[in-house]
Amino acid sequence: MPAPMTLFTVAQRAMSAQLVRMNSAASNLANAGSVTGSEGDAYRPMRAVFAQELDQRTGLSTVRVAGVHRTDAAPVKRHDPGNPLADAEGNVFEAPVDQNAEMVEMLESARQYQNMVEALQTAKQLMLETMRIK
Amino acid sequence: MSDSIFGIHGAALELRSQRMGLLASNIANAGTPGYKARDLDFASALKARMGGAEGDQAAEAATLYRVPVMPSLDGNTVEMATEQTAFAENAVAYSATLSFIRGKVETLTRAMKGD
């Protein structure tokens, strides 16, 4: 039987989940503009999907990364015969990364992470104060 | 024993701590699709608790889903402004309850020391 969930587990897991989300956004941004010679090999952007995890005993619920999925956006086909990676018809395939969307994703994730840290700080402070009653 | 010493404040502190957990869960799940934010109706939980209900049962019966101001497309009903305000309010109330308890403890220690 796993240990009952505490506020610290909730915050820690939420922060790890946000980190996974931030990492996938960073990977997407890093691969923006990368080209390949075939449609199948082109980079597909990744997205972390969160799921709720409820602890029945304490009523607390935290986050779990249900999976990191590749989006099915089609790579951008560009005619560029001069490119060394171009296929027989002179086409290259560019990763379909929307840089604005990725930046927004990162910003939102950072904000939610920050919120969690602040909530944790307050909760920790109150717990310490409760322990110091004498 | 501790109930008669701390009166309503013992129960209040316990419920405040439970509410803090719920609100932290909401903040943690701000990015989870389909998550429904929950909150504790503190007044009715405390009433039930003083009426003799056990701590967990009183809190469970008074836990309600939050009605969002503007529902989002992914079914998540966490609104950061609402949650943060509720969390801050709850933290202040927790502090207040804590000082009541501290006052009680100080009174008792003084009485025991006799100075």
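Rule-based calculations on the coordinates, nothing more; no lab input. Predicted model only: the values in this text are computed from it and were never measured. Here Cβ is always computed from backbone atoms with ideal geometry, including for glycine, and neighbour counts include all displayed protein chains.
Quick notes on this structure:
- Failed item in (1) within 10 Å of another protein chain (Cβ to nearest Cβ); (2) under 25 Å from the mean Cα position of the chain (by Cα); (3) buried (at least 17 other Cβ atoms within 10 Å of the Cβ), with A:PRO45 passing the rest: (1)
- Whichever residue in segment A:55-75 is exposed (fewer than 14 other Cβ atoms within 10 Å of the Cβ) and under 23 Å from the mean Cα position of the chain (by Cα) and, among such residues, is nearest to A:GLN12 (Cα to Cα): A:GLY67
- Residue satisfying all of: in segment B:79-104; of a type in the set (Val, Ile, Thr) and more than 9 Å from every other protein chain (Cβ to nearest Cβ); surrounded by the most Cβ atoms within 10 Å (Cβ to Cβ) among these: B:THR97
- Scanning segment A:1-57 for residues that are in contact with a Pro (Cβ under 7 Å, 6 or more places away or on another chain) and farther than 22 Å from A:GLN112 by Cβ turns up A:GLU39, A:ALA42, A:ARG57.
- Check on A:THR36, closer than 15 Å to A:VAL97 by Cβ, out of contact with any Ser or Thr (no Cβ under 6 Å at 6 or more places or on another chain), touching a residue at least 12 places away in the same chain (Cβ under 8 Å) and hydroxyl-bearing (Ser, Thr, Tyr): yes
- Among residues of segment B:1-48, those that are within 30 Å of A:ARG47 (Cβ to Cβ) and either touching a Pro at 6+ places or on another chain (Cβ under 8 Å) or free of Cβ contacts under 8 Å to residues at least 12 places away in the same chain (or both), counted: 3
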